[in-house]
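Notes follow the structure.
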Amino acid sequence: MLSHLLHLPAGIEPLSVALVYNQKKEDHKNKSGGEDSTDPPRFATSGTTHAAIPSSSLSLHTETQDFYAEWDTFETIDAVRNALAERHEVTLIEADEKAYVKLLEQPPDIVFNIAEGLYGVSREAQIPAILEFLRIPYTGSDPLTLAICLDKSRTKEILAHAKIPTTRFAVVSNLNEIRQFSASFPCIVKPLHEGSSKGIFNSSVVNTAAELRRELERVLTGYSEPALVEEFLIGREFTVAILGNPGEITVLPIVEIIFDSLPAGVNHIYSFEAKWIWDNAEAPLDIFQCPARLTGTLQEQIENICRKAYKLLRCRDWCRIDVRLDRSGNPHIIELNPLPGILPNPEDNSCFPKAARAAGLGYNKLIQTVLACAAKRYGLDRHKPPHAGGERTEERA
């Protein structure tokens, strides 16, 4: 299946690549390794048992169990580094307060960006914005696309305007706003600006006004951000991995989430518990089917709306798009993830690598393909750019 994936540049010259990342911490007070360290610091990433946090225990500044859910483990960072190092010179830069200075002083040819950020509604856009200011090429979408896609309501407004099917929704900034809309149950309550199932628990699906108020209070108080109240679709759920750029966009084999494998009695959603607690490397759930079993018509419908969404939101290089069917079997876009999860071990059930493997792309080839997509966008496949320094150093002097 590789022949049709992408017209990758043949024989890209070795580049200096900076891998910019955020690593999960056991505690937000933990600090990373020394300034000159070439390895990301190691922290425990498994063996911890979590329990759902009741809404009553959350307060405005309480860090919940999913505080670092979006960040990557040492294993993932190391796997990405090793994949890039097969062909390129790789340095590591943690996306902290010192990242700007490190990039300024030793700009690489290109950055492989997997930094999610931590604070602010535009946190995923912060590193790309710095890179654009420094005129350093990088993988993935630009700051505008990243910021929009992290705001679930803005994404859905754009999709709806373009008549791409997406679920009906409302944004609630305080509990008094409940009176301003009429909820149609069941619905699901999510933090407005989060990813990696952060803030989405089994309790997030609500069927009564009392449950709705409880979940709104949990999100508004525990995450200090507005809540998205979204129509809950009862049909099948899929996630769609896409690689490439205009003219070369490829949809990888579609992944279906099989909810029957979840514990009995829980809601059919890919919640924080399902993603990070019930499904783990030590006892993986049989929760995915890839390629999904689809009729030709349904597969075409899903691929078409995902391609349209990818182009409409101006995604670059890669993105994972979540899709759910309504009771009539019609697909709707739930959200776009232009910084997709890429856990390296098959037992971790990470969907983008799973789809890539189904297409014949191993993990290292997937990472190299993303870099090649970005290099081609910048013209780095045709010639090696001036190394760190050049015009940029002279202008700064």
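Please work out which residue is surrounded by the fewest Cβ atoms within 10 Å (Cβ to Cβ), limiting yourself to the stretch 82-108 and to residues that are within 24 Å of P344 (Cβ to Cβ) and of a type in the set (D, E, K, R).
Initially, the stretch 82-108 is screened for residues within 24 Å of P344 (Cβ to Cβ), giving 82-96, 99, 108.
In the following step, the residues that additionally are of a type in the set (D, E, K, R) were identified as 86-87, 89, 94, 96.
Values: E86: 11, R87: 17, E89: 13, E94: 22, D96: 14.
If we take residues in the stretch 82-108 being within 24 Å of P344 (Cβ to Cβ) and of a type in the set (D, E, K, R), then E86 is surrounded by the fewest Cβ atoms within 10 Å (Cβ to Cβ).
So which residues in the stretch 124-157 are out of contact with any Pro (no Cβ under 7 Å at 6 or more places or on another chain), at pLDDT 95 or above and aliphatic (A, V, I, L, M)?
I127, I130, L131, L144, A147, I148
If you check V171, V255, V251, V240, which single one turns out to be under 23 Å from the mean Cα position of the chain (by Cα) and modelled with pLDDT under 95?
On the way: V255 fails: modelled with pLDDT under 95; V251 fails: modelled with pLDDT under 95; V240 fails: modelled with pLDDT under 95.
Answer to the selection: V171.
Does E300 qualify as being free of Cβ contacts under 8 Å to residues at least 24 places away in the same chain and assigned to a helix (DSSP H, G or I)? Working first, answer last.
Values: free of Cβ contacts under 8 Å to residues at least 24 places away in the same chain: yes; assigned to a helix (DSSP H, G or I): yes.
When the stated conditions are applied, E300 passes them.
Out of the residues in the stretch 310-359 that are basic (K, R) and outside any loop (DSSP other than H, G, I, E, B), which is surrounded by the fewest Cβ atoms within 10 Å (Cβ to Cβ)? Can you show your working first?
Just the residues of the stretch 310-359 that are basic (K, R), to begin with: 311, 314, 316, 320, 324, 327, 354, 357.
The next check asks that each one be outside any loop (DSSP other than H, G, I, E, B); those that pass are 311, 320, 324, 354, 357.
Values: K311: 14, R320: 24, R324: 23, K354: 20, R357: 17.
Per the criteria, the residue is K311.
Restricting to the stretch 109-126, name every residue that is surrounded by 21 or more Cβ atoms within 10 Å (Cβ to Cβ), closer than 19 Å to P340 by Cβ and out of contact with any helix residue (DSSP H, G or I) (no Cβ under 7 Å at 6 or more places or on another chain).
Q126
Looking at this structure, is L60 at pLDDT 90 or above and either aliphatic (A, V, I, L, M) or in a loop (DSSP other than H, G, I, E, B) (or both)? Break it down into steps so the answer makes sense when it comes.
Numbers: at pLDDT 90 or above: no; either aliphatic (A, V, I, L, M) or in a loop (DSSP other than H, G, I, E, B) (or both): yes.
No, not satisfied.
Every residue in the stretch 241-270 that is in a loop (DSSP other than H, G, I, E, B) and in contact with a strand residue (DSSP E or B) (Cβ under 9 Å, 6 or more places away or on another chain), please.
Filtering the stretch 241-270 for residues in a loop (DSSP other than H, G, I, E, B) gives 245-249, 252-254, 258, 262-270.
If the condition is that a residue be in a loop (DSSP other than H, G, I, E, B) and in contact with a strand residue (DSSP E or B) (Cβ under 9 Å, 6 or more places away or on another chain), then N245, I249, L252, P253, I254, I258, N267, H268, I269, Y270 are the ones that fit.
Do the conditions hold for G244, that is, is it in contact (Cβ under 8 Å) with a residue 60 or more places away in the chain and in contact with a Gly (Cβ under 8 Å, 6 or more places away or on another chain)?
Details: in contact (Cβ under 8 Å) with a residue 60 or more places away in the chain: yes; in contact with a Gly (Cβ under 8 Å, 6 or more places away or on another chain): no.
Taking the combined requirement at face value, the residue does not satisfy it.
The values are calculated or read from the model by the stated rules, or taken from the named source; none is laboratory data. Predicted, not measured: the structure shown is a model, and the values here were computed from it. Please note: Cβ atoms are built from the backbone with ideal geometry, for glycine as well, and neighbour counts cover all protein chains shown.
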